[in-house]
Amino acid sequence: MTKIFKDAGLPNNVMQYFHCGTVDRLKQVVQSPDIKLICFTGSVAGGVAVQQAASGRFVNVGLELGGKDPAYVRKDVDVKWAAEEIVDGAVFNSGQSCCSLERVYVDESVHDEFVTAVQEVLAGYKLGDPFDPKTNVGPVISKKAAETISAHVKDALSKGAVNSTPQNQSFEAPPKDGNFVPPTLLTNVNHGMTVMTEETFGPIIPVMKVKSDEEAIGLMNDSQFGLTASIWTKDVELGHKLADVCLIYHVNNIQLLIVSLGCRSWHRVCQSLRLS
């Protein structure tokens, strides 16, 4: 990483990095008087450890932690277009993005049509070697991450969720070497399932049927996490009104963050006046 920045023209030693794999080493770094600003992006547990380590100092700490980003598909939406965008938002980078979609609420009147549209999109995706230009989805970061994602899916299925993923040869026979997790479409989900309440951070698309805007917004906010949310509708003005309760939201798109936006404490998501 440092070589890439150096090759791009960054002066020597402006950027330095090392692996900090233990709590003791983390404390040494955070508590060092040479460190004037701390920005951490990672898990809630990691953020708590950083904050605790910095508690004895007067130093700015920016934390961008877990997310459980929801999307709401209204009944007036262009279903096929929304399906394409939402699949991309959920499985982009194998679902390993701070703003990846982690749960989808769909108006009951278009629910079945939306599920079918998502299946059609997923049927054309390819899971495989990330260096292959034809690949849409590569591996996740580690074996532990793959195990966590799989555990979320198994928990949902054990509680009544349905695996509605379409047949796709690349999903069924991924490369043997690597932490490959196939994109998975889950239906008949609810908030009694881990996949709807805890950060999954993988290419999983759980879809829940709702009866109204009010129910959808209530479920979107029924989370200890937050970060971003999206509303999918032809009525853009109403979309902004519905999403106004969210700190960072999108209407009819995903991933395009306003990086100048200040960030305040929102459940267990972030703290600071910046986005890490």
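Points to keep in mind about this one:
- Mean separation of Cα contacts under 8 Å (6+ apart) over length of the chain, as relative contact order %: 22
- Rounded to the nearest 10 degrees, the inclination of helix 44-54 to the longest alpha-carbon principal axis of the chain is 20 degrees.
- Debye log10 I(q)/I(0) for the chain, one point scatterer per Cα, at q = 0.10, 0.12, 0.16 Å⁻¹: -0.57, -0.81, -1.28
- Sparse packing (at most 12 other Cβ atoms within 10 Å of the Cβ) combined with a DSSP loop state is found for the following chymotrypsin sites (Phe, Trp or Tyr not before Pro) in the range 61-164: PHE131.
- Dipole magnitude of the range 2-65, debye to nearest 20 (Cβ charges: Lys/Arg +1, Asp/Glu -1, about Cα centre): 100
- Net length available on complete extension from LYS3 to ASP132 is 44.0 nm, with 0.36 nm assigned per residue and the Cα-Cα distance removed.
- Ordering MET220, GLY239, VAL23 by the projection of their Cα atoms onto the charge dipole of the chain, which places +1 on the Cβ of Lys and Arg and -1 on the Cβ of Asp and Glu, puts VAL23 at the extreme positive end.
- Computed helical MRE - 222 nm, the chain, DSSP H runs ≥ 4 contributing -39500 (n - 2.57), nearest 500: -9500 deg cm²/dmol
- Across the options SER158, VAL106, ASN12, the greatest Cα extent toward the positive end of the charge dipole of the chain (unit charges at beta carbon of Lys, Arg, Asp, Glu) belongs to ASN12.
- Within the chain, antiparallel bridges make up roughly 15 percent of the DSSP beta bridges whose residues both belong there.
- Between helix 143-158 and the chain: long-axis angle, C-alpha atoms, 0 to 90°, nearest 10: 30
- Among the listed pairs LYS80/LYS176; LYS159/LYS211; LYS3/LYS80; LYS154/LYS209, those beyond 31 Å (Cα-Cα): LYS80/LYS176; LYS3/LYS80
- Between 0 and 90°, nearest 10: helix 79-91 axis offset from the chain longest Cα axis: 30
- Once the Cβ-Cβ distance of ALA123 and PHE18 is raised to the sixth power relative to R0 = 35 Å, the FRET efficiency obtained is 0.20.
- Residues PHE171, PHE5, PHE18 in ascending order of nearby Cβ atoms (within 10 Å, fewest first): PHE18, PHE5, PHE171.
Each value in this text was obtained by applying a stated rule to the coordinates, not by laboratory testing. If you're wondering where the values come from, they're calculated on a predicted model, not measured in any experiment. Glycine gets a Cβ as well: all are built from the backbone with ideal geometry, and neighbour counts include every protein chain shown.
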